[in-house]
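Report on one structure; see the data block that follows.
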Amino acid sequence: MEKTIKEQKTVLIILLCNLFIAFLGISLIIPVMPSFMDMMNLSGKTMGSLVAIFAMAQLIMSPFAGRWVDIYGRKKIIVIGLFIYGISEIIFGLGTNVYMLYISRMLGGVSAAFIMPGVTAYVADITSVQERPKVMGYVSAAISTGFIIGPGIGGFIAEFGVRLPFFFAAAIAFLACISSIFILKEPLTKEQLEEISANKKQSNFISDLKKSFHPLYFIAFIIVFVLSFGLSAYETVFSLYSDHKFGFTPKDIATIITISSIFGVVVQVFMFGKMVDKLGEKKLIQLCLIIGAILAVVTTVISSYLAILAVTCFIFLAFDLLRPALTTFLSKAAEKEQGFVAGMNSTYTSLGNIVGPAIGGMLFDVNINYPFLFAAVIMVIGLGLTVIWKETQLTESLAK
């Protein structure tokens, strides 16, 4: 079903909107969480647990969702994921006790585990190898844009009621679900799904996990982990770091993150495809890791607002380019097993999102500079792994 981007424009817009809506819903609740915390007398530990349980549910479900994407089809898993997401937001909005909130966040993690691999596999199916880097840049930009404007929309809606952002998120999720049912078509034929399904039935979760250790995939998956680990650790302590070291106000911090994110989105949309064409995925990944490691160290020695803004812009950009570069590489290596690769991609991302903030927070308590220095070390390790990452592995896979 590979066609040009122009021929697939409507389908691509729906897929990107699905991702945008999912991450918009995740971020638009950020401004109301403190109010929810006070209203329900929740502790900081409980709030942290609500964040962790989302990532844990996504981690557990991602491998299974990746298998189901290959067995039952991309469209079904995307639609189910959007429906579960809508339900999770309604439960949170109606929540009157902490157990309802936990159930909501668990369902939210499950929905993310469904939506991400479903959309990634669908995009890989309908794009040519030549156009895939450009489209993966769009995918990453859709995610980033959802995160950027979510808090602003959430804060505006919350003026009319603290629980309204959750119901708004549910409404747009159900709208996306319905539009996907009527507009999206399964990109694989019935025969292709049956062939993949027959192969999948001979494997299981353990075998899929073992397969992720294959030299073709493993280093890329480890870098996925490094990316999510480093980024989540960086983002977790950035606001605390800025407040403790420089006395930045919430508005100052929000401005830095917003400008940096917008800068990353613009480069992803207009430059990512060209950068991959010129450098290739491996060299672009290495360049991003080098820049990320250097700037993480630089963060600990600068002090002016403009310097922090400039450094944050480029370190966010490095992370934003790393994600689609890795996704593009893995989608090329996956051939017909897009669901497996997308599911494992989500698994390693979730693992990094769980471990990164925990270690970043502990290091911050010891020394406020340590989380950034540690993130730099992790990225250098990731860079070292790419040195032994043979490009011939990808060539051999594609030739099979």
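The table that follows gives values for the structure above.
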read-out: Only one of Tyr138, Tyr85, Tyr99 that is outside the structural domain of Tyr348 (by TED's automatic domain parsing) and either aliphatic (A, V, I, L, M) or more than 30 Å from Phe263 (Cα to Cα) (or both); value: Tyr99
read-out: Within segment 247-270, considering residues that are at pLDDT 80 or above and loosely packed, with under 15 Cβ neighbours inside 10 Å, the one nearest to Leu330 (Cα to Cα); value: Phe270
read-out: Filtered residue count, segment 298-316, keeping only those that are in contact with a Gly (Cβ under 6 Å, 6 or more places away or on another chain) and without any contact (Cβ under 8 Å) to a residue 40 or more places away in the chain; value: 0
read-out: Counted residues, segment 353-377 - those being in a helix (DSSP H, G or I) and more than 21 Å from Leu59 (Cα to Cα); value: 13
read-out: Residues satisfying the stated conditions in segment 82-118, i.e. out of contact with any Cys (no Cβ under 6 Å at 6 or more places or on another chain) and aromatic (Phe, Trp, Tyr); value: Tyr85, Phe92, Tyr99, Tyr102, Phe114
read-out: Out of Gly25, Gly44, sole residue that is more than 17 Å from Ser104 (Cβ to Cβ) and modelled with pLDDT under 80; value: Gly44
read-out: Scan of segment 168-190 for residues that are outside any helix (DSSP H, G or I) and loosely packed, with under 14 Cβ neighbours inside 10 Å, ordered by number; value: Lys185, Thr189
read-out: Breaking point among (1) free of Cβ contacts under 8 Å to residues at least 60 places away in the same chain; (2) crowded, with 24+ Cβ neighbours inside 10 Å, for Thr349; value: (1)
read-out: Flag for Val224 being at pLDDT 70 or above, hydrophobic (A, V, I, L, M, F, W, C) and under 29 Å from Ala293 (Cβ atoms); value: yes
read-out: The one condition in (1) on the phi > 0 side of the Ramachandran plot; (2) surrounded by 22 or more Cβ atoms within 10 Å (Cβ to Cβ) that Gly280 fails to fulfil; value: (2)
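Okay, residues lined up against (1) more than 20 Å from the chain's Cα centre (by Cα); (2) on the phi > 0 side of the Ramachandran plot:
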residue	(1), (2)
Ile71	yes, no
Ile103	yes, no
Ala112	no, no
Val123	no, no
Met136	no, no
Val139	no, no
Gly161	yes, yes
Leu164	yes, no
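Results for (1) at pLDDT 80 or above; (2) under 20 Å from the mean Cα position of the chain (by Cα); (3) in the same structural domain as Tyr72 (by TED's automatic domain parsing); (4) buried (at least 22 other Cβ atoms within 10 Å of the Cβ), shown as yes or no for each residue.
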residue: Leu284; (1), (2), (3), (4): yes, yes, no, yes
residue: Leu289; (1), (2), (3), (4): yes, yes, no, yes
residue: Ile294; (1), (2), (3), (4): yes, no, no, no
residue: Leu306; (1), (2), (3), (4): yes, no, no, no
residue: Leu317; (1), (2), (3), (4): yes, yes, no, yes
residue: Leu322; (1), (2), (3), (4): yes, yes, no, yes
residue: Ala325; (1), (2), (3), (4): yes, yes, no, yes
residue: Ser331; (1), (2), (3), (4): no, yes, no, yes
residue: Ala342; (1), (2), (3), (4): no, yes, no, yes
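The values are calculated or read from the model by the stated rules, or taken from the named source; none is laboratory data. Fair warning: this is a prediction, and the values are worked out from it, not measured in the lab. Backbone-built Cβ (ideal geometry, glycine too); neighbour counts: all protein chains shown.
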